[in-house]
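Below is one structure, written out as structure tokens; the observations come after it.
The values are calculated or read from the model by the stated rules, or taken from the named source; none is laboratory data. Here the structure is a predicted model, which means the values were calculated and not measured. In this analysis, Cβ positions are derived from the backbone assuming ideal geometry, glycine residues included, and neighbour counts consider all displayed protein chains. Heavy atoms of the whole protein, side chains included, go into the accessibility calculation; ligands, DNA and RNA do not. Shrake-Rupley method; radii C 1.70, N 1.55, O 1.52, S 1.80 Å.
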Amino acid sequence: GAGVSQSPSNKVTEKGKDVELRCDPISGHTALYWYRQRLGQGLEFLIYFQGNSAPDKSGLPSDRFSAERTGESVSTLTIQRTQQEDSAVYLCASSFGTAGTQYFGPGTRLLVL
Amino acid sequence: GESVGLHLPTLSVQEGDNSIINCAYSNSASDYFIWYKQESGKGPQFIIDIRSNMDKRQGQRVTVLLNKTVKHLSLQIAATQPGDSAVYFCAEKTQGAQKLVFGQGTRLTINP
């Protein structure tokens, strides 16, 4: 596609529920990244994929967070047993190789009630 | 630890004037720097980047300056327009690392 796309654009869920966020990277981009942005803050790195493998998961805040990528394309970020502090914008970026410029999608705005 | 921060959280500029947004970084191993623009409700948009072997790079109406001696980065926007109003983030990356480390952002407002 023309750019990185993410779905849903907005998600409201109840505390304790699981959520799945989806990212479609730019076609041909081998590297994919997830970041989290709390209100009024900068972006925090969560995880990145090179192809389908995730060499760096250091940013995942807890074991409730997981991500996978299949077919060197779509990635899903799953948050289990959501907590109110998980409320944030979750941004996905992709790049052509890990040295390439990271281009961001529009984000998924998650609100946990 | 590594950190990237901004000197000014908000900046107001008259339309047509030039603006300068500053950023300080603490990791001397950083070798790649990038500026993003984020409008309300949107993801960050790439503006310009610079590698540590350069001290200046120019784009269309934008210039990034890098001073490695004092670990300082700046973004200059010439002849500002209302569409330049947004939050601007600097980010850095160290060689061999893949993640970007972001500053807190500066909100730029262009007054008509």
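Please note which strands (runs of 3 or more DSSP E) are completely contained in region B:57-111 and include at least 3 residues that are within 14 Å of chain A (Cβ to nearest Cβ) and under 23 Å from A:S94 (Cα atoms).
B:86-94
Which of the residues spanning region A:48-70 are in contact (Cβ under 8 Å) with a residue 24 or more places away in the chain and under 10 Å from the mean Cα position of the chain (by Cα)?
Those that are in contact (Cβ under 8 Å) with a residue 24 or more places away in the chain and under 10 Å from the mean Cα position of the chain (by Cα): A:Y48, A:A67.
Considering each of A:L77, A:L60 in turn, give the residue that is aliphatic (A, V, I, L, M), within 30 Å of B:A86 (Cβ to Cβ) and open to solvent by 30 Å² or more (accessible area, probe 1.4 Å).
A:L60
Can you find a residue that is within 14 Å of chain B (Cβ to nearest Cβ), touching a strand residue (DSSP E or B) at 6+ places or on another chain (Cβ under 6 Å), assigned to a loop (DSSP other than H, G, I, E, B) and not hydroxyl-bearing (S, T, Y) anywhere in region A:73-87?
no
Determine whether B:P9 is free of Cβ contacts under 8 Å to residues at least 60 places away in the same chain and within 12 Å of chain A (Cβ to nearest Cβ).
no
Select, from A:S66, A:S27, A:S58, A:S53, the only residue that is out of contact with any strand residue (DSSP E or B) (no Cβ under 9 Å at 6 or more places or on another chain) and either over 13 Å from A:T78 (Cβ atoms) or among the small types (G, A, S) (or both).
A:S27
So which residues in region B:17-31 are part of a strand (DSSP E or B) and either touching an Asp or Glu at 6+ places or on another chain (Cβ under 7 Å) or open to solvent by 60 Å² or more (accessible area, probe 1.4 Å) (or both), if there are any at all?
B:I20, B:Y25, B:S30
Considering only region A:26-43, state which residues are within 11 Å of the chain's Cα centre (by Cα) and either more than 9 Å from chain B (Cβ to nearest Cβ) or open to solvent by 30 Å² or more (accessible area, probe 1.4 Å) (or both).
Of everything in region A:26-43, those that are within 11 Å of the chain's Cα centre (by Cα) and either more than 9 Å from chain B (Cβ to nearest Cβ) or open to solvent by 30 Å² or more (accessible area, probe 1.4 Å) (or both) turn out to be A:L32, A:W34, A:R36.
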